[in-house]
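The values are calculated or read from the model by the stated rules, or taken from the named source; none is laboratory data. This one's a predicted model, so the numbers in the text were calculated from it and none came from an experiment. Reconstructed Cβ throughout: ideal geometry from the backbone, glycine too, with neighbour counts over all protein chains shown.
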Amino acid sequence: MAVGNHVRCADGRSVLVLPGIEDTLMPQGLRRHVEGDAAARDALYNRRDDEAIAAMVATGAVLTLAHTEGEEIAELTRLQDAGLVGLEAFNLHAMVDPNIREESLGLDSLSWLSDIADFTNPDGVAEPDLLFLAVVQEQAPSILAWDTLSAQGPTFGFAGTDAHQNALPIIMRDGERGDSYRRMMRWFSNWLLLSPQDAAPGEAVTAQAVEAAQRAGRGYIVFEAFGTPADFDVALYDDAGARYEIGADAPTGELRVRCPRLAALSPRGLTPPEISAQVLKDGQPFAQGCGAHTLTEPGVYRVVFTITPLHLSPFLGADPAPHMREAVWIYANPHRVR
């Protein structure tokens, strides 16, 4: 039986809270601790050898990894063989930590501080909640790792905030810290596709349903700082018309990509955003645009929705031009065509 709590919110929503640990590995949805006293458990959670991994997997947890950007592919492959289910394809802390930027991402260590100046300057006029637009970039080492492991088996890609890292401990014009939980937790989220067999419509989401979606790789990474998307879909249909959701092993067929639109409550000016889609095969460009794409060869097929945030220009200060660049809006977990 899974362990978790449902928290009832004032607006009527029910939020499911599951236990997990971020250490050298990140087991999510623990059903119990590993064996031993507190000291023994702490020591084991700081290990990643096969024995430690087996002990964590035995708790029923979904075994994942944070800060993928600093890992070697060979080590990730070993971890996957031992029981790793998912990894961070994006980590916010990596975007702003000087050492990680330089050593793991190949970026200038401190350039982001000048990039966010109009958001953090007391005399600036850019909306503080949108400073994410000035720092977000694709984290190529993590994406490469995701594609590589996905070719070997289901690998759930997700994004992590790491808000506890105290990356921007300054008070901004809105009276909140730059790295407040409210601000950072709104910038992106992980959307799971729950099977009707695991989660009945209208009923509270269960831990079992969440675990099933994670293990199957049925999920999207959504950068909601650009706005909340609606009405998008990625699915593969075989020649008989059977539908395969993202994360699935599937035969060749037709990949149908429906582009998102901005949800009604998303802030916007008068100019609409430019939205597109790209299909990648084994990490390389394969097809462009929304619609139907015929897949005739085996491979790992992953869809990326991009956005040029023209709709946010009224909120980006005196000079929004630097932020009017195409950026990733949604990462879909891949199909593995055999």
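Okay, here's what the table says:
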{"read-out": "Residue count, segment 83-105 (criterion: over 18 Å from the mean Cα position of the chain (by Cα) and touching a residue at least 24 places away in the same chain (Cβ under 8 Å))", "value": "5"}
{"read-out": "Any hit, segment 102-120, residues being surrounded by fewer than 16 Cβ atoms within 10 Å (Cβ to Cβ), part of a helix (DSSP H, G or I), touching a Ser or Thr at 6+ places or on another chain (Cβ under 6 Å) and of a type outside the set (A, V, I, L, M, F, W, C)", "value": "yes"}
{"read-out": "Conditions (1) surrounded by fewer than 20 Cβ atoms within 10 Å (Cβ to Cβ); (2) farther than 23 Å from residue 247 by Cα; (3) at pLDDT 95 or above; (4) out of contact with any Ser or Thr (no Cβ under 8 Å at 6 or more places or on another chain); number of the one not met by residue 56", "value": "(1)"}
{"read-out": "Segment 317-331 residues that are farther than 18 Å from residue 275 by Cα, paired with ones that are surrounded by 21 or more Cβ atoms within 10 Å (Cβ to Cβ) and modelled with pLDDT of 95 or more (beta carbon under 7 Å, 6 or more apart)", "value": "317/126"}
{"read-out": "Some residue of segment 150-168 being surrounded by 15 or more Cβ atoms within 10 Å (Cβ to Cβ), acidic (Asp, Glu), touching a residue at least 24 places away in the same chain (Cβ under 8 Å) and part of a helix (DSSP H, G or I)", "value": "no"}
{"read-out": "Hits in segment 308-338 - residues which are touching a Ser or Thr at 6+ places or on another chain (Cβ under 8 Å) and assigned to a strand (DSSP E or B)", "value": "327, 328, 329, 336, 337"}
{"read-out": "Residue 143 being among the β-branched types (Val, Ile, Thr), without any contact (Cβ under 8 Å) to a residue 40 or more places away in the chain and either closer than 23 Å to residue 307 by Cβ or touching an Asp or Glu at 6+ places or on another chain (Cβ under 8 Å) (or both)", "value": "no"}
{"read-out": "Output for segment 58-82, where each listed residue is in contact with a strand residue (DSSP E or B) (Cβ under 6 Å, 6 or more places away or on another chain) and closer than 18 Å to residue 18 by Cβ", "value": "61, 62, 63, 64, 65, 66"}
